[in-house]
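The values are calculated or read from the model by the stated rules, or taken from the named source; none is laboratory data. Everything numeric here is computed off the predicted structure, so don't read it as measured data. Please note: Cβ atoms are built from the backbone with ideal geometry, for glycine as well, and neighbour counts cover all protein chains shown. Calculation scope for accessible area: heavy atoms of the full protein, side chains included, ligands and nucleic acids excluded. Shrake-Rupley method; radii C 1.70, N 1.55, O 1.52, S 1.80 Å.
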Amino acid sequence: RMVLLACGPYTTSDSMAYDPLADLVEVIARDRPDVCVLFGPFLDAKHEQVENGQLLGSFAEVFKLCLKTIIEGTRSAGSQLVFVPSLRDVHHDYVYPQPPFLYPELLKDDKPRVHFVSDPCTLDVD
């Protein structure tokens, strides 16, 4: 089994373009790991553009676009995706332990391979 672990933020410090995220999605599509555990922050509260209110959409909209990019971009790889929140995820609950992300827009076909877990959590792979 191949397990890939990645930790956010998935942007560079000077841009909200999510270029590092695009690179990660390419690696997942190419290497086709069985499981990808993706730790937040996905929308970093400490990012300069977040702190200065320079986003083009709401926190929730930017986060949903980030998830959509990951889920759709890895669909052909068939990898199991596990999303773990961070206390620095600006759109999410600032409590510890953190509940899993909510993403009601998840398509039925993606539900078997996309998992939202709490922080902390215990994962049993295979």
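What is the one condition in (1) outside any loop (DSSP other than H, G, I, E, B); (2) in contact with an Asp or Glu (Cβ under 8 Å, 6 or more places away or on another chain); (3) touching a residue at least 40 places away in the same chain (Cβ under 8 Å) that residue 41 does not satisfy?
All conditions pass for residue 41, except number (1).
Does segment 36-64 hold any residues that are surrounded by fewer than 20 Cβ atoms within 10 Å (Cβ to Cβ) and acidic (Asp, Glu), and which are they?
48, 51, 61
Among the candidates 63, 39, single out the residue that is closer than 30 Å to residue 122 by Cβ and in contact with a His (Cβ under 6 Å, 6 or more places away or on another chain). Please lay out each step first, then the result.
Details: 39 fails: in contact with a His (Cβ under 6 Å, 6 or more places away or on another chain).
Sole residue among the options that is closer than 30 Å to residue 122 by Cβ and in contact with a His (Cβ under 6 Å, 6 or more places away or on another chain): 63.
Does segment 46-65 contain any residue that is within 23 Å of residue 107 (Cα to Cα), free of Cβ contacts under 8 Å to residues at least 40 places away in the same chain and part of a loop (DSSP other than H, G, I, E, B)? Spell out how you get there, then give the answer.
In the first step, residues of segment 46-65 are kept if they are within 23 Å of residue 107 (Cα to Cα); the result is 57-65.
If we keep only those that are free of Cβ contacts under 8 Å to residues at least 40 places away in the same chain as well, we get 57-61, 63, 65.
Applying the additional criterion that residues be part of a loop (DSSP other than H, G, I, E, B) yields 57-58.
There is at least one residue in segment 46-65 that is within 23 Å of residue 107 (Cα to Cα), free of Cβ contacts under 8 Å to residues at least 40 places away in the same chain and part of a loop (DSSP other than H, G, I, E, B).
Regarding segment 95-110, can at least one residue be identified that is among the hydroxyl-bearing types (Ser, Thr, Tyr), more than 18 Å from residue 12 (Cβ to Cβ) and modelled with pLDDT of 95 or more?
no
Please specify each residue of segment 1-11 satisfying the condition of being part of a strand (DSSP E or B) and either open to solvent by less than 40 Å² (accessible area, probe 1.4 Å) or in contact with a His (Cβ under 8 Å, 6 or more places away or on another chain) (or both). Can you show your working first?
The first filter runs over segment 1-11 and keeps only residues part of a strand (DSSP E or B), leaving 3-7.
Result: 4, 6.
Given the options 74, 69, 122, name the one that is among the polar types (S, T, N, Q), in contact with a helix residue (DSSP H, G or I) (Cβ under 9 Å, 6 or more places away or on another chain) and open to solvent by 30 Å² or more (accessible area, probe 1.4 Å).
One residue alone meets the criteria, 69.
Taking residue 14 as the residue in question, decide whether it is open to solvent by 20 Å² or more (accessible area, probe 1.4 Å), among the charged types (D, E, K, R) and either within 15 Å of the chain's Cα centre (by Cα) or within 27 Å of residue 122 (Cα to Cα) (or both).
On the way: open to solvent by 20 Å² or more (accessible area, probe 1.4 Å): yes; among the charged types (D, E, K, R): yes; either within 15 Å of the chain's Cα centre (by Cα) or within 27 Å of residue 122 (Cα to Cα) (or both): no.
No, not satisfied.
Provide a single number: the residues in segment 77-119 that are open to solvent by 40 Å² or more (accessible area, probe 1.4 Å), assigned to a loop (DSSP other than H, G, I, E, B) and closer than 16 Å to residue 32 by Cβ.
Going through segment 77-119 one residue at a time, the tally reaches 1.
Do the conditions hold for residue 29, that is, is it touching a residue at least 24 places away in the same chain (Cβ under 8 Å) and part of a strand (DSSP E or B)?
Criteria not met by residue 29.
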